[in-house]
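Taking it in order: structure first as structure tokens, then the write-up.
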Amino acid sequence: MRAGTAATLITGLHTLSVRTERAPQFVDITERVQELVEEMGVKQGIVTVFTRHTTAAIRINENEPLLLSDMEEFLKRLAPKDLYYRHNDFGIRTCNMTEDECPNAHAHCQHLILGASETIPVMEGKLALGRWQRIFLVELDRPREREVCVQIIGF
């Protein structure tokens, strides 16, 4: 958009459903996010990708199989599943419990390091990612359906 040119602001909030198969797992959602940008017709703007979970993360990294395996192993070493966590001790824990509660403190600890969102610029209708950059939902807990919110703002 040139300076002095009037344009209509385009905004949209979309929810992607992502099925995971294991933990940890890096699921590449880049193409799905790019398709939403194209469907909305945004040429210049920003996209925020956000997970509505405290045991799944959104990260940008390279989609190279050996690196993904390395990163999965790194997360396992960072917060091992088999350590003692008070959150997993259902004999003492009394809040935020559900009927199907599972021991997943390791996933919460891994999420603390990774985070819940990424914001990506849009330039000329394309995600302005670097040559090797991809957007990942990172499953940290167990296989299931996950929700990813994608907010797009631009012209």
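The values are calculated or read from the model by the stated rules, or taken from the named source; none is laboratory data. In this text, all values refer to a predicted model and were calculated from it rather than measured experimentally. Heads up, the Cβs are rebuilt from the backbone with ideal geometry, glycines too, and the neighbour counts pull from every protein chain shown.
Mind checking whether some residue in the range 20-29 is surrounded by fewer than 11 Cβ atoms within 10 Å (Cβ to Cβ) and in contact with a Lys or Arg (Cβ under 9 Å, 6 or more places away or on another chain)?
Yes.
Select from the range 95-149 the residues that are β-branched (Val, Ile, Thr) and out of contact with any Phe, Trp or Tyr (no Cβ under 6 Å at 6 or more places or on another chain) and list them in ascending order. Please lay out each step first, then the result.
The initial filter retains those residues of the range 95-149 that are β-branched (Val, Ile, Thr), namely 98, 113, 119-120, 122, 135, 138, 148.
Across the range 95-149, the qualifying residues are Thr98, Ile113, Thr119, Ile120, Val122, Ile135, Val148.
Could you tell me whether Asp70 is modelled with pLDDT of 95 or more and either among the charged types (D, E, K, R) or exposed (fewer than 14 other Cβ atoms within 10 Å of the Cβ) (or both)?
yes
Whether any residue in the range 109-131 is of a type outside the set (Gly, Ala, Ser) and on the phi > 0 side of the Ramachandran plot is what I want to check.
There is at least one residue in the range 109-131 that is of a type outside the set (Gly, Ala, Ser) and on the phi > 0 side of the Ramachandran plot.
Looking for something part of a helix (DSSP H, G or I), touching a residue at least 12 places away in the same chain (Cβ under 8 Å) and out of contact with any Leu (no Cβ under 7 Å at 6 or more places or on another chain) - is there at least one such residue anywhere in the range 5-22?
No, because not a single residue in the range 5-22 is part of a helix (DSSP H, G or I), touching a residue at least 12 places away in the same chain (Cβ under 8 Å) and out of contact with any Leu (no Cβ under 7 Å at 6 or more places or on another chain).
Identify the residue in the range 95-141 that is within 16 Å of the chain's Cα centre (by Cα) and of a type in the set (D, E, K, R) and, among all such residues, is surrounded by the most Cβ atoms within 10 Å (Cβ to Cβ).
Once the filter is applied, the top-ranked residue is Glu139.
Here is a check on your reading of the model: is Phe90 modelled with pLDDT of 95 or more and out of contact with any Ser or Thr (no Cβ under 7 Å at 6 or more places or on another chain)? I'd like the intermediate steps shown before the answer.
Working: modelled with pLDDT of 95 or more: yes; out of contact with any Ser or Thr (no Cβ under 7 Å at 6 or more places or on another chain): yes.
Considered against the rule, which asks whether it is modelled with pLDDT of 95 or more and out of contact with any Ser or Thr (no Cβ under 7 Å at 6 or more places or on another chain), Phe90 comes out as yes.
Within the range 50-63, does at least one residue satisfy the condition of being surrounded by 16 or more Cβ atoms within 10 Å (Cβ to Cβ), hydroxyl-bearing (Ser, Thr, Tyr) and within 22 Å of Arg146 (Cβ to Cβ)?
Yes: one or more hits.
Listed residues Pro103, Pro121, Pro80; which is under 20 Å from Val148 (Cα atoms) and at pLDDT 95 or above? Before the answer, list the steps.
Numbers: Pro103 fails: under 20 Å from Val148 (Cα atoms); Pro80 fails: under 20 Å from Val148 (Cα atoms).
The conditions single out Pro121.
If you go through the range 75-87 one residue at a time, how many are surrounded by 11 or more Cβ atoms within 10 Å (Cβ to Cβ) and more than 24 Å from the chain's Cα centre (by Cα)? Lay out the reasoning, then the answer.
Going through the range 75-87, the residues surrounded by 11 or more Cβ atoms within 10 Å (Cβ to Cβ) turn out to be 75-76, 78-81, 85, 87.
Of the ones still in play, those that are also more than 24 Å from the chain's Cα centre (by Cα) are 85.
Number satisfying all stated conditions: 1.
List the pairs whose first member sits in the range 62-86 and is in contact (Cβ under 8 Å) with a residue 40 or more places away in the chain, whose second member is part of a helix (DSSP H, G or I), and whose Cβ atoms are under 7 Å apart, counting only residues at least 6 apart or on separate chains?
As it stands, the answer is Leu75/Gln110, since those pairs meet every condition given.
Need pairs with beta-carbon distance below 6 Å; first residue among the charged types (D, E, K, R) and within the range 32-61, second assigned to a helix (DSSP H, G or I); sequence gap 6+ or separate chains.
Arg59/Leu114
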